[in-house]
Amino acid sequence: MLVTGGAGFIGSNIVDTLLEKEHKVVVLDNLSSGKKENINKKSKFYKADVFDRKNVSAIFKKEKPDVVIHNAAQIDVRVSVADPFFDAKINILGAINVLDSCVKTKVRKVIFASSGGTIYGECDVSAPNEESKLNPLSPYGIAKNSVENYIKFYSAVYSLDYTILRYGNVYGPRQDPYGEAGVIAIFATKMLRGKDINVFGDGKQMRDYVYVSDVVNANLKALNKGKNQIINVGTSKAVSVNRLLEVMSNAIGYSKKAVYKPKREGELFKSFLNIDKAKKVLGWMPKTCIEKGIKKTIEYFKMGNK
Ligand SMILES: NC(=O)c1ccc[n+]([C@@H]2O[C@H](COP(=O)([O-])OP(=O)(O)OC[C@H]3O[C@@H](n4cnc5c(N)ncnc54)[C@H](O)[C@@H]3O)[C@@H](O)[C@H]2O)c1
């Protein structure tokens, strides 16, 4: 197996579980947001950029992976808005480069980390399923949508099998608490230090928060199921920022009131995912409720991890 972005939050959690299950794992990561200490010592690590054609091609030729789990990406929606060129370079061209190498070295399957949280746009009363109309509003979402289409092209023309997993808002140990994404990681580290919590807007905005171990399990199931399918990976529950604050304050014993700031332009009000297909096709269900996932995440950050 080869995991791009295997030094990052989700990728490194996937790598650890693959190794526990006795798979041989190669990690390809440029360490731009991933960390050396996340890289499992039992994996073989290449510090490389997915955009680097020569290097990626040489690594694939040498390692001949059976399955590629493509996680490497610039993950900040606001960076994509500020610099669409940079976002497309990593998130579209980098992905095409990986797909090219998959075809050349006859990879059996590619599993792609797409984004249900950005690809559907604003959600209504019912959660979107995989057939719902797409409306990506940011360059980040547009890039995920494009790569999904490229993958379908590579599958149709070069018979590369795939499973595309559209994640909700993933949270848990190793998420970067300093970025723009990852509100649970940001709140956890701030609350544990007794710092103020800023909320942009009225806190009623809702997201589908899915715990990282559940996302790892969806990837494991996708190794042998869900051939050439696009599958939402979330909880089907929309949780507000105010509810997160309540659960997290109680768990940590944090008593400060949040500081409400003006709403961020372009931010969605509601995003959540219908997960019926994941249940049917992958036999997958999220096992971690928000209270339990938050507790585990807080324990991780309490241990001094950042
Ligand atoms: N975290 C979420 O809520 C979420 C939701 C939907 C989709 N995703 C997707 O899941 C994947 C993993 O995200 P994450 O949250 O673990 O983020 P992350 O930033 O922790 O992981 C991304 C990894 O990719 C590496 N990387 C970035 N640019 C690279 C490049 N040019 N070449 C090689 N490696 C590079 C980084 O160093 C990092 O290790 C991404 O594709 C992301 O878009 C994440």
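Can you tell me which residues in the range 93-151 are among the aromatic types (Phe, Trp, Tyr) and more than 16 Å from residue 232 (Cβ to Cβ)?
140, 150
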Of all residues making up the range 5-24, the number that are farther than 17 Å from residue 218 by Cβ and surrounded by 24 or more Cβ atoms within 10 Å (Cβ to Cβ) = 1
How many of the residues making up the range 202-251 are of a type in the set (Asp, Glu) and in a helix (DSSP H, G or I)?
-> 2
Where a residue in the range 105-122 is within 12 Å of residue 69 (Cβ to Cβ) and its partner, wherever it lies, is in a strand (DSSP E or B) and among the hydroxyl-bearing types (Ser, Thr, Tyr), with Cβ under 6 Å and at least six apart | 110/162; 111/163
Could you figure out which of (1) of a type outside the set (S, T, N, Q); (2) over 30 Å from residue 254 (Cα atoms); (3) away from the ligand (no atom under 15 Å from the Cβ); (4) without any contact (Cβ under 8 Å) to a residue 24 or more places away in the chain isn't true of residue 158?
-> (4)
Just wondering, is there one or more residues in the range 34-52 that are part of a loop (DSSP other than H, G, I, E, B), small (Gly, Ala, Ser) and either closer than 21 Å to residue 185 by Cα or within 7 Å of the ligand (Cβ to nearest atom) (or both)?
-> yes
In the range 7-24, what residues are closer than 23 Å to residue 166 by Cα and more than 7 Å from the ligand (Cβ to nearest atom)?
-> 12, 13, 14, 15, 16, 17, 18
Would the range 198-205 turn up any residue that is polar (S, T, N, Q), more than 30 Å from residue 37 (Cα to Cα) and within 16 Å of the ligand (Cβ to nearest atom)?
-> yes
In the list 144, 64, which residue meets the criterion of being of a type in the set (D, E, K, R), closer than 23 Å to residue 216 by Cα and within 15 Å of the chain's Cα centre (by Cα)?
-> 144
Hits in the range 130-150 - residues which are within 14 Å of the ligand (Cβ to nearest atom) and assigned to a loop (DSSP other than H, G, I, E, B) | 136, 138
Within the range 53-61, is there a residue that is more than 7 Å from the ligand (Cβ to nearest atom), touching a residue at least 40 places away in the same chain (Cβ under 8 Å) and aromatic (Phe, Trp, Tyr)?
-> yes
Hits in the range 110-125 - residues which are surrounded by fewer than 22 Cβ atoms within 10 Å (Cβ to Cβ) and at negative phi = 122, 124, 125
Which pairs have Cβ atoms under 9 Å, sit 6 or more apart or on different chains, and link a residue in the range 1-12 that is closer than 14 Å to residue 50 by Cα to one that is in a helix (DSSP H, G or I) and near the ligand (Cβ under 6 Å from one of its atoms)?
-> 3/11; 4/11; 4/94; 5/11
Extreme residue, surrounded by the fewest Cβ atoms within 10 Å (Cβ to Cβ), among residues of the range 252-292 that are in a loop (DSSP other than H, G, I, E, B) and hydroxyl-bearing (Ser, Thr, Tyr) = 255
Of the candidates 29, 66, the one satisfying the condition of being within 13 Å of the ligand (Cβ to nearest atom), among the acidic types (Asp, Glu) and either surrounded by fewer than 16 Cβ atoms within 10 Å (Cβ to Cβ) or in contact (Cβ under 8 Å) with a residue 24 or more places away in the chain (or both) is 29
Of all residues in the range 151-175, how many are under 24 Å from residue 33 (Cβ atoms) and in a loop (DSSP other than H, G, I, E, B)?
-> 5
Give the residues of the range 69-95 that are surrounded by fewer than 23 Cβ atoms within 10 Å (Cβ to Cβ), within 13 Å of the ligand (Cβ to nearest atom) and outside any helix (DSSP H, G or I), sorted by residue number.
-> 74, 76
Does any residue in the range 269-282 that is within 10 Å of residue 121 (Cα to Cα) come within less than 6 Å, Cβ to Cβ, of a residue that is of a type in the set (S, T, N, Q) six or more places away or on a different chain, and which pairs are these?
-> 269/205
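Values in this text are rule-based calculations from the coordinates and carry no lab data. As the structure is a computational prediction, the values presented were derived from the model and not from experiment. Neighbour counts are summed over all protein chains in view; Cβ atoms, including those assigned to glycine, are modelled from backbone coordinates with ideal geometry.
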